[in-house]
Amino acid sequence: MRWESAIPQVLAGDAPQAACEPMDNDAFAGFYERSARPLWAYLARVSGDLALADDLMQESFVRFLCAAHPEDGEVAARRYLFKIATNLLRDHWRKRRTTSIEEVPEERFATASDAGQSDSQMMLGPVLAQLRPRDRQLLWLAYAEGYSHQEIAEVTGLMSASIRLLLFRARRKAARLLRPTLEREGAR
Amino acid sequence: MTKFACAREKEVEELVGCGQWPLAAAAELRAHVEGCRACSDLAVVAQAFQAAHSSATAEPTLPSAGALWWRAQLRRRNAAIERIGRPLLGAQIFALATVLLMAVGGLAWQVRRGFGLLAWIEALPRALHFDALWPTSLGGFEGNFWYVVPVLATLALVGGVVVYFASEKH
C-alpha cells in the first residue's frame with residue numbers, strides 16, 4: 001500500500017474538480033517530453049527572462065505532479081500546466097511590489113529581456129518588448145499555442161467574454177509594430 | 001464582419017496554422033486579406049508568433065523528467081508529513097494550555113486560601129527527607145524553605161534544557 005493512498009486528500013488543495021490520481025513516472029516522462037518545450041517558450045517569451053523561465057517551468061511541473069491533474073486527457077492536463085505557469089508568473093510579478101499584471105511597466109521587461117536578443121533576428125523580440133505582459137500572454141496563447149478564447153480564459157483567469165476584445169486590441173498593436181519590420185525585411 | 005472580427009478570420013488562421021499561408025490560399029481570399037484590416041493583422045501576427053514558437057521550442061536545455069518527478073515526490077511526502085503532524089502539534093498546544101490553566105487556577109486558589117502553599121513547600125524538605133541527601137558537612141540545614149527554592153529552580157532549568165534539546169533533536 002502506498003503512503004499516498006493511506007493519506008487521501010493530502011494535496012487536493014489546488015486541484016481541479018474532475019481530477020484523477022497523479023501520473024506515474026513513465027506517463028510523466030512522456031508528458032514532460034511533449035509539454036516542456038512549449039511551456040518554456042511561453043514563459044520565456046512572456047517574461048522576457050530565460051533564467052526565470054527555467055525556474056518557473058520546473059516549479060510548474062513539480063506543482064502539476066503534486067496536484068491531481070484533470071482526467072480529460074493530455075490536452076486538458078497541458079492546459080492545466082499552462083494555468084499553473086501563468087499563476088506562477090503572476091505571483092512573480094506581484095512579488096515585485098505590483099498588484100496586478102496590468103500594472104507592470106513594459107520597460108521592466110523590455111530591459112531585462114535576454115529572450116529579445118535571440119528573437120531580434122526574427123523580428124518578434126523587439127515587438128514583444130513593447131507589448132504589455134498580458135498582451136504577450138494572450139497573443140502567445142492564441143497564435144503560438146493555438147488556444148481558443150475559452151481555453152485562454154481558463155488559463156489566464158480572465159473573463160471569457162473579454163478575451164475577444166483584449167486579443168483584438170493586442171493583435172492590432174502587435175501588427176502595427178510588426179509591419180515596419182516586415183517592410184524593412186521585404187525591402188532587403 | 002463585426003467591429004472586432006471578420007467572418008473569414010478562421011480561414012486565414014487555419015492556413016497560417018498549417019504553414020500554408022499565403023501560398024495555398026485562394027486568390028479571392030488573398031485579395032480579401034489585403035483589404036481587410038482584421039484579417040491582415042491576423043495573418044501578420046499569427047505568422048510571426050508561429051515562427052517564434054518554432055524557434056523558441058528548440059532553445060531550452062531541459063532538466064531530466066526523473067529529477068522533477070523525485071522533487072515532486074519529496075514535496076508530496078513532506079506535505080503529507082506536515083499534515084499528519086498538525087493534529088499532534090495541536091494536541092501538544094492543548095496539553096500545555098491545560099497545564100498552564102491548572103497551574104494558574106491552583107495558584108489563584110492558594111492565594112484565596114492565604115498562601116498555604118508556601119507553608120507546604122516549606123515543609124516539603126522535611127517530608128521528603130532532603131536532609132538525608134545533604135552532606136553532613138553542611139551542618140545547620142534544617143530544611144529551610146530558602147534552601148529548597150534554588151534546588152527546585154535548578155531542577156526546572158535543567159529539565160527545560162533537556163526537553164528543549166530533545167525536541168530539537170526530534
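For A:Ser160, the accessible surface of its heavy atoms amounts to roughly 50 Å² (probe 1.4 Å, protein chains only, rounded to the nearest 10). Ordering B:Glu34, A:Glu151 by accessible surface, largest first, gives B:Glu34, A:Glu151; the 1.4 Å probe counts only protein heavy atoms, with every chain in place. Each residue of segment A:75-92 is assigned a 3J(HN,Hα), and the resulting list reads 4, 5, 5, 5, 4, 5, 4, 5, 5, 4, 4, 5, 5, 5, 4, 5, 4, 4 Hz, derived from the Karplus form 6.51 cos²θ - 1.76 cosθ + 1.60 (θ = phi - 60°), x at Gly and Pro. Close amide H pairs (under 5 Å, H built 1.01 Å from N) link A:Ala68 with A:Ala15, residues at least 5 positions away or on another chain. Rolling a 1.4 Å probe over the protein heavy atoms leaves A:Asp55 with an accessible area of roughly 100 Å². Interface of A with B. Using a 1.4 Å probe and counting protein heavy atoms only, the two chains hide about 4300 Å² of accessible surface, both sides summed. The listed residues B:Arg76, B:Arg37, A:Arg184, once ranked by accessible area (1.4 Å probe) with the largest placed first, stand as A:Arg184, B:Arg37, B:Arg76. Simple rule: put +1 on each Lys or Arg Cβ and -1 on each Asp or Glu Cβ in segment B:2-48, find the dipole, and look at B:Ala48, B:Ala38, B:Val16; the Cα lying farthest toward the positive end is B:Ala38.
The values are calculated or read from the model by the stated rules, or taken from the named source; none is laboratory data. Quick caveat, the model's predicted, so the values are computed rather than measured. All Cβ positions, even for glycine, are placed from backbone atoms using ideal geometry, and neighbour counts span all protein chains on display. Just the protein is used for accessible areas: all its heavy atoms, side chains included, with ligands, DNA and RNA removed. Shrake-Rupley method; radii C 1.70, N 1.55, O 1.52, S 1.80 Å.
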